[in-house]
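Student: Before I ask anything, let me first share the structure, which is written out below as structure tokens.
No lab work stands behind these numbers, since they all come straight from the coordinates. Please read these numbers as outputs of a predicted model, since none were measured by experiment. In this analysis, Cβ positions are derived from the backbone assuming ideal geometry, glycine residues included, and neighbour counts consider all displayed protein chains.
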Amino acid sequence: MFSLLFRVPPDHEDYVIAELTDHGTTGITEEPGGVRAFFDETSDCKQLIERFAVFAPEFRQEKTTDWEQMSRDAFPPLSVGKRFYLVPPWNNEPTPAGRLRLEVNPGMACGTGRHPATQLCLRAIEMYVNPGSQVLDVGTGSGILARAAALMGARSVVACDVDQEAVQVARECADSPPLFVGSADAARSGWADVIIANIDSATLDALAPELGRVRKSASVLILSGFPADDPPERFQAIEALKDADWLCWIA
């Protein structure tokens with residue numbers, strides 16, 4: 001693999017990037033003074049230099065990189081809270097004593113477990129999901145929080161998301177709970193002991209009437225996905241968990 005650094009004026013960058021894409025670049029990064037485009041060995045380096053000569057391309061031979069291994073290395077096992085141990089599907093390390101193994105495939109859906117809001121929800125699930133709980137996960141993404149609730153012994157877990165692609169990704173997990181495409185308005189009234197919604201404050205406020213309908217009178221809402229300076233307005237928190245600039249409300 002080799003790369004070429006093109007000294008491109010800012011007002012020409014979009015044009016040059018589009019042209020480089022048409023010429024088969026495998027990736028482009030911005031650097032001080034220009035853009036660097038990467039090419040595999042099948043590309044004609046001489047032709048590229050001649051084609052973009054006006055931008056004074058500089059050649060650099062790149063080391064061969066195992067991109068698949070690099071991607072895997074980017075997702076090491078992660079302990080969250082007191083109980084959970086997040087691992088990608090290719091990891092075979094034993095689960096530490098006292099922890100629950102939660103397999104997460106870093107795919108297209110939201111929810112790899114690395115975001116502070118997701119980790120706050122996992123901590124809250126440890127605290128508030130009990131054996132026998134009936135749990136609804138709204139906006140499930142990858143399904144990580146629904147499966148975490150099941151690991152904590154919930155009697156019944158149902159998850160939903162308006163993104164059909166996210167639901168499909170979540171369903172690929174062997175231990176996936178029942179999932180449906182849609183939102184809380186499809187859930188039964190007065191059913192949930194615990195409702196988890198890791199979304200954003202505006203969506204949570206819009207969903208407030210439906211969440212109130214679905215919850216039992218004595219129930220817990222685990223709400224996250226919003227920064228500390230933008231909390232939802234239609235809920236009263238009885239407890240708040242915080243990580244960096246992110247909040248999880250227990251309501």
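Student: Can you list which of the chymotrypsin sites (Phe, Trp or Tyr not before Pro) found in segment 62-144 are DSSP loop residues with at most 12 other C-beta atoms within 10 Å?
Tutor: W90
Student: Another question, then. With charges set only on the Cβ (+1 for Lys and Arg, -1 for Asp and Glu), what does the dipole of the chain come to about its Cα centre, in debye to the nearest 20?
Tutor: With Lys and Arg at +1 and Asp and Glu at -1, about 1420 debye.
Student: Name the trypsin sites (Lys or Arg not before Pro) in segment 25-89 that are in a loop by DSSP and that have at most 14 other C-beta atoms within 10 Å, would you?
Tutor: Working: sites: R36, K46, R51, R60, K63, R72, K82, R83; in loops: K63, K82, R83.
Passing sites in segment 25-89 are K63, K82.
Student: Suppose we keep just the DSSP beta bridges with both residues in the chain; what percent of those would be antiparallel, to 5?
Tutor: In the chain, approximately 55 percent of DSSP beta bridges are antiparallel ones.
Student: Using the Cα centre of the chain as origin and beta-carbon charges of +1 (Lys, Arg) and -1 (Asp, Glu), tell me which of G34, M152, G212 is placed farthest towards the positive end of the dipole.
Tutor: M152
Student: What number, rounded to the nearest 500 deg cm²/dmol, is the helix-based mean residue ellipticity at 222 nm of the chain, given -39500 (n - 2.57) per DSSP H run of at least four residues and division by all its residues?
Tutor: Taken over the chain, the calculation gives -7500 deg cm²/dmol.
Student: Nothing charged except the Cβ atoms of Lys and Arg (+1) and of Asp and Glu (-1): what's the magnitude of the dipole of segment 177-249 about its Cα centre? Round to the nearest 20 debye.
Tutor: The calculation lands at about 460 debye.
Student: Can you sort S189, S201 by how many other beta carbons sit within 10 Å, fewest first?
Tutor: S189, S201
Student: What does the net charge come to around D205 if you take all other residues with beta carbon closer than 14 Å to its beta carbon, with K and R at +1 and D and E at -1? Present the calculation step by step, with values, prior to reporting the outcome.
Tutor: On the way: positive: R234; negative: D200, E210, D230, E233.
Here the charged neighbours net out to -3.
Student: Report which label in (1) 17.0; (2) 14.0; (3) 14.7 holds the value of mean projected area of the Cα convex hull in nm² derived from the coordinates of this structure.
Tutor: Only one listed value fits the structure, namely (1).
Student: Also: Using only alpha carbon pairs under 8 Å that are at least six residues apart, calculate the relative contact order of segment 160-251 and give it in whole percent.
Tutor: The value is 23 percent.
Student: Mind checking the dipole of segment 109-250: about its Cα centre, +1 per Lys or Arg Cβ, -1 per Asp or Glu Cβ, Debye to the nearest 20?
Tutor: 560
Student: Quick check on the exposure proxy: order T118, T203 from fewest to most C-beta atoms within 10 angstrom.
Tutor: Least crowded to most crowded, the residues run T203, T118.
Student: Over 16 Å, how big is the tail of the calculated P(r) for segment 2-65, in percent of all Cα pairs? Mind dumping the intermediate values first?
Tutor: Values: 714 of 2016 pairs.
Result for the distance tail: 35 percent.
Student: Between segment 38-69 and segment 188-207, how far is it from one alpha carbon centroid to the other, in angstrom?
Tutor: 50
Student: Another question, if that's okay. Assuming a ≥ b ≥ c are the square roots of the Cα gyration tensor eigenvalues, decide whether segment 126-251 counts as rounded (a/c under 1.5), prolate (otherwise, with a/b larger than b/c) or oblate.
Tutor: Working: a/c = 1.38, a/b = 1.27, b/c = 1.09.
Here segment 126-251 falls in the rounded category.
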